[in-house]
Amino acid sequence: VKTLTEVCAATDATTVRAEILPMMETVANEEDSAVVRAALAEQLGEAAPVLMRRGPKDVVHSLVTTSFLNLVASLIVDDHEDVRKESEQALIAIGELLDVHDLGNAVLTIVLGLASSKDEEEHRVSAVRLLDTLSPKMGPCLSTTFAVKELLILAQDPAFRVRRGCSEALASVAAVATDATEQLLQLFTNLARDPIWSVRKTCADQLPGFSNFMPAQARTGALKEICYELLGDENRWVKKTARARLGEFIASLPIGSVDDQILGYYRGMVTDAIEMANNENELPCAFSFPGVVLQLGEHRWSEVNELFRTLCDSSQWQVRKTLAYSLHELARIVGPQLTQAVLLPAFEQFTTDLPEVRMGIYESIDLFLALVPPSPRAALLPVLPKMITDYNSMEHWRMRLKLASKLTALTSLFEAEMVYEQLWPLLQLLWGDTVAEVREALVTAPGTMLLQMQDDEHPEWANELTTRLLALGSSHTWVPRQTFCSICTELISKIDITMFVQDFLPTLLPLASDKVPNVRLAMARALAAGIDMDTIRKNDQVKQALVLLSKDIDADVRHCVDTSL
């Protein structure tokens, strides 16, 4: 059974229908082992797309929409949970292959059969899950006609697990069934007031997602009222979930409707945290903070400033890490004045934090610094060497990789003098890094630095950079020579081509006969990067180098040359 997909990949659909299908039907109807039946269900979902690609189209269509789905329909009501779960996944997989017409006629028929099962609660739970997953594929018409209609019925099911499933499905259905917002809003309201706390908890969890697909009036009216009810729920788990999702709900509101009451609840996630066991609300509060600030705008920052400072000083590094990753987004929202006054101190604080927190600010350091006014921006440059000196061991190589990948963008943010004094020394350290990924990540930076220094009144800086680059190409060890070739791959299209031919080509070309294959391959790639330029393509020395490389004993080198030519 487990080889069914492989068999289908090697067999045409006609043979599968004539010879394989009868065996599949026997397994589905007569096999005693639930493990084997579950394997069959799994294979049905995997084999269907394989057959769809093979054809013939009419035979495959009939085989999948009729025969395969008949098998799924029998397995999805199996006595064993594993078989039912695999059958659900198979039905979803097959549904993804079909157009809306076939989805309605073939797949939804099975789902509706499950939904109408009066005796089996598991079948109705399965139906809700399938409506949730399949709704994006259904489109507006089917979702409104079938999914909404069934959810309205299932939401009144005596089994709370079915009602809870409806709560989980509402956001997915609301995203598609745009003509049924009033019905869905009423349905959500009813479920949010369900007598069973786990149903209400699910509504609290789904509130932000559901709100995003409701009209503004519903968000500021009924859903806001529901939010307050859930925040004050008698059950601590409902209340806890409502608080955890509050920031995301606020982010879904129109700007003018974020009033003092709901903002007070949001701030209370942290100020009332002692009552909530171990500050467990701080992390969801930090996660949603940029979305809340976006709604408030720069002019209302004072209303969350104290909250921001509290989160920055949290004893939980995960909270500080979350803020560190979002500083650049906050800077975009609040503008340069508040960025300098409030966010810059937080940035500096995080630079001395744990590696996990520091990585958050380094991830977007170029974006953040671009939003900082020029004068304080320059004062932050000493932070960058710490990414190397504090993390020079092998285990922290990703920190150096991050800096290497940011050097090009950082160069464009500073004047040539700052680039020469601060960034150029970092580049020299990094191109000698022991980790290849770090060296590869910085190959675009030298060209950007060179161009910036050429435009300045200090040509000696550009000359020094050129001299150091050429020294790499003449190094006695092969790694610097390879790095030089990789840098040339970027330089050849970035700087003036005449300058490249004059200054860099004489050092690059001899490497066509380098004793190390990796160097020759990197050199071939450098020439390939400029082969479309007449100055390179018509150069006699380049032609000779390409001829030499085309006869290289290394297959990768020859392939590179053949492909470029």
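The values are calculated or read from the model by the stated rules, or taken from the named source; none is laboratory data. Since we're looking at a predicted model, the values are computed, not measured. A quick note on method: Cβ atoms are made from the backbone with ideal geometry, for glycine too, and the neighbour counts reach across all protein chains shown. Remember, those area values only see protein heavy atoms, side chains included, never the ligands or the DNA or RNA. Shrake-Rupley method; radii C 1.70, N 1.55, O 1.52, S 1.80 Å.
Figures for the structure shown
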{"item": "Boolean, Ala73 is under 26 Å from Leu154 (Cβ atoms) and open to solvent by 10 Å² or more (accessible area, probe 1.4 Å)", "result": "yes"}
{"item": "Total residues in the stretch 190-243, condition acidic (Asp, Glu) and in contact with a helix residue (DSSP H, G or I) (Cβ under 6 Å, 6 or more places away or on another chain)", "result": "3"}
{"item": "So Leu509, is it touching a helix residue (DSSP H, G or I) at 6+ places or on another chain (Cβ under 7 Å) and free of Cβ contacts under 8 Å to residues at least 40 places away in the same chain", "result": "yes"}
{"item": "All positions within the stretch 490-499 that are surrounded by fewer than 19 Cβ atoms within 10 Å (Cβ to Cβ) and part of a helix (DSSP H, G or I)", "result": "Ser493, Lys494, Ile497, Thr498, Met499"}
{"item": "Search result, residues across the stretch 312-338 that are open to solvent by 30 Å² or more (accessible area, probe 1.4 Å), farther than 12 Å from Ala286 by Cα and among the hydrophobic types (A, V, I, L, M, F, W, C)", "result": "Ile333, Leu338"}
{"item": "Helices (runs of 4 or more DSSP H) fully within the stretch 1-77 counting 1 or more residues that are in contact (Cβ under 8 Å) with a residue 40 or more places away in the chain and of a type in the set (D, E, K, R)", "result": "21-30, 34-54"}
{"item": "Residue satisfying condition, being β-branched (Val, Ile, Thr) and more than 29 Å from Val50 (Cβ to Cβ), within set Val72, Val125", "result": "Val125"}
{"item": "Those residues of the stretch 512-528 which are open to solvent by less than 20 Å² (accessible area, probe 1.4 Å) and in contact (Cβ under 8 Å) with a residue 40 or more places away in the chain, in sequence order", "result": "Val519, Ala522, Ala524, Ala526"}
{"item": "Members of the stretch 500-535 found to be part of a loop (DSSP other than H, G, I, E, B), among the β-branched types (Val, Ile, Thr) and closer than 15 Å to Asp552 by Cα, listed by number", "result": "Val516"}
{"item": "The listed residue being touching a Cys at 6+ places or on another chain (Cβ under 6 Å), farther than 29 Å from Ser117 by Cα, among the hydrophobic types (A, V, I, L, M, F, W, C) and surrounded by 14 or more Cβ atoms within 10 Å (Cβ to Cβ), out of Val50, Val59", "result": "Val50"}
{"item": "Positions within the stretch 188-199 being open to solvent by 20 Å² or more (accessible area, probe 1.4 Å) and assigned to a helix (DSSP H, G or I), in sequence order", "result": "Asn190, Trp197"}
{"item": "Any hit, the stretch 171-178, residues being touching a residue at least 12 places away in the same chain (Cβ under 8 Å) and more than 30 Å from the chain's Cα centre (by Cα)", "result": "no"}
{"item": "Pick from the stretch 431-441, criterion surrounded by fewer than 22 Cβ atoms within 10 Å (Cβ to Cβ) and of a type in the set (A, V, I, L, M), ranking: nearest to Pro355 (Cα to Cα)", "result": "Val435"}
{"item": "Residue list for the stretch 223-240, filter: open to solvent by 40 Å² or more (accessible area, probe 1.4 Å) and part of a helix (DSSP H, G or I)", "result": "Glu225, Glu229, Arg236, Trp237, Lys239, Lys240"}
{"item": "Positions within the stretch 179-220 being free of Cβ contacts under 8 Å to residues at least 24 places away in the same chain and either hydroxyl-bearing (Ser, Thr, Tyr) or closer than 20 Å to Phe146 by Cα (or both), in sequence order", "result": "Glu182, Gln186"}
{"item": "Subset of the stretch 121-162 that is surrounded by fewer than 22 Cβ atoms within 10 Å (Cβ to Cβ) and acidic (Asp, Glu) - its residue that is nearest to Thr178 (Cα to Cα)", "result": "Asp132"}
{"item": "Residue satisfying condition, being closer than 22 Å to Leu246 by Cβ and at pLDDT below 95, within set Val304, Val293, Val319, Val270", "result": "Val270"}
{"item": "Test for Leu63: is it modelled with pLDDT of 90 or more, of a type outside the set (Val, Ile, Thr) and more than 28 Å from Ile196 (Cβ to Cβ)", "result": "no"}
{"item": "Looking only at the stretch 423-480, and only at residues there that are under 39 Å from the mean Cα position of the chain (by Cα), polar (S, T, N, Q) and part of a loop (DSSP other than H, G, I, E, B), the one that is farthest from Leu413 (Cα to Cα)", "result": "Thr434"}
